[in-house]
Ligand code: IMJ
C-alpha cells in the first residue's frame with residue numbers, strides 16, 4: 001500500500017511505541033522511513049530500534065519548537081527531496097496534571113499539553129508546506145484518544161489537548177485540501193506504552209475494554225499501525241479531516 005512512498009514518523013521511543021507499530025506496518029507495505037525522536041541522549045537506542053528498517057534514518061526534533069521543525073524539514077528536503085506522508089505520534093502533559101483533579105491544571109500545564117500535543121501538528125503542517133516538502137497527494141496522520149470527547153479518570157488536560165488536535169485536523173484538512181494534501185487522525189484504543197506507564201488504574205481500563213468492546217479484546221500497536229498505513233495510503237484518497245477509531249469498537253457503546 002505504501003510502495004515507493006517516503007514517510008516521516010515523528011515520536012518513536014521504544015518497541016512499545018505506537019510509532020514503532022506504525023513503522024512496522026508501513027515498512028511491510030513498502031514505505032521508506034524517516035524518524036524523529038526527542039533527546040539526543042536517546043539516539044543510540046532509537047538507531048538500534050530502527051535498524052530493522054532498511055535505509056531508515058533518525059533525527060532529533062522537539063516538535064514544540066518551531067525552529068527545530070524548520071531545521072528538520074530543511075534537512076529532509078536536502079537529503080530526500082519531497083515526502084509523501086507524516087505520522088504525528090507526539091503528546092505530553094505534566095505528570096501532576098494527569099494525577100490531580102483537572103480543575104487544578106495550571107496555566108503553564110494547560111499550555112504545555114496543548115503546545116506539545118496539538119499545536120505541534122499545526123506547526124508541522126505549516127512548516128512542511130511552506131518549505132515545499134510535501135508531495136501532492138501527501139497524507140498527514142495524527143494519533144488521538146477517546147478522552148477528547150469523553151471523561152476518563154486522569155486523562156484531564158490531555159483530553160483538552162486531544163480535542164484541540166482533532167479540531168485542528170479539520171481546519172488543517174480544509175487549508176491543505178486544495179493542494180491535494182489530506183489530514184486525518186486515528187483514535188487508538190488504550191495500549192500499554194511508555195505514555196501509559198504510571199497511570200493509575202490503567203490495567204482496569206484495559207479490562208473494561210476486554211469486557212465491553214464489540215471485539216472483546218484490546219488492540220495492538222501493529223493493528224493501530226495498519227489503520228495508520230491505510231490513512232497514509234492512496235486507498236484513503238477520498239478521506240480527509242476524519243477521526244477513525246482503531247479501538248475494537250469500544251467507542252460505539254452507550255454502556
Ligand atoms: C493517560 C493518562 C490517563 C489516562 C489514560 C492515558 N488512558 C490512556 C492514556 C486511559 C489510554 C494514554 N494516552 C491515550 C495518552 O495520550 C497519554 C499521554 C501522556 C502520558 C504521559 C505519562 C507520563 C508523563 N506525561 C504524559 N503525557 C501524556 O509525564
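Read-outs: derived from the displayed coordinates by stated rules, not from any lab. Keep in mind that what you see is a predicted model, and the values were worked out from it rather than measured. Here Cβ is always computed from backbone atoms with ideal geometry, including for glycine, and neighbour counts include all displayed protein chains.
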List 141, 208, 46 from most exposed to least, where exposure is judged by having the fewest other Cβ atoms within 10 Å.
208, 46, 141
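Quick check: from the Cα gyration tensor, does the stretch 41-94 come out rounded (a/c under 1.5), prolate or oblate?
On the way: a/c = 1.67, a/b = 1.05, b/c = 1.59.
Because a/c hits 1.5 or more and a/b fails to exceed b/c, the stretch 41-94 counts as oblate.
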Estimated distance in nm for a label pair at residue 28 and residue 208, the labels positioned 7 Å out from Cα along Cα-to-Cβ:
3.0
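Could you please rank 50, 9, placing first whichever residue has the fewest other Cβ atoms within 10 Å of its Cβ? Please report the intermediate quantities before stating the final value.
Details: 50 21, 9 32.
Placing the least packed residue first, the sequence is 50, 9.
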Between the stretch 217-241 and the stretch 179-197, what's the alpha-carbon centroid distance in Å?
10
How far apart, in nanometres, would the label points at residue 15 and residue 237 be if each is projected 7 angstrom from Cα along the Cα-to-Cβ direction?
3.8
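In the calculated pair distance distribution of the chain, what percentage of Cα-Cα distances lie above 22 Å? Before the final figure, lay out each step's value.
Numbers: 16928 of 32385 pairs.
Counting pairs separated by more than 22 Å, the tail of P(r) holds 52 percent.
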Taking a ≥ b ≥ c as the square roots of the Cα gyration tensor eigenvalues, with a/c under 1.5 meaning rounded and otherwise prolate when a/b beats b/c, else oblate, which class fits the stretch 143-220?
prolate
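Please report the relative contact order for the chain, taking Cα pairs under 8 Å with a sequence separation of at least 6, and give it as a percent rounded to a whole number. Write down the numbers at each step before the final one.
Numbers: 493 pairs, mean separation 56.2, N = 255.
This gives 22 percent for the chain.
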Top of 235, 158, 38 by mean-square fluctuation, Gaussian network on the chain, Cα under 10 Å
235
Reference-scaled alpha-carbon Rg (2.2 N^0.38 Å with N residues) for the stretch 6-73
1.04
With eigenvalues of the C-alpha gyration tensor scaled by 5 and rooted, the stretch 94-180, Å
29, 13, 9
Separation of the stretch 57-125 and the stretch 137-165 by C-alpha centroid, Å?
14
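At 222 nm, what helix-only mean residue ellipticity would the chain give, in deg cm²/dmol to the nearest 500, using -39500 (n - 2.57) for each DSSP H run of four or more? Can you show the working numbers first?
Numbers: 9 runs with 101 residues, N = 255.
It comes out at -12000 deg cm²/dmol, rounded to the nearest 500.
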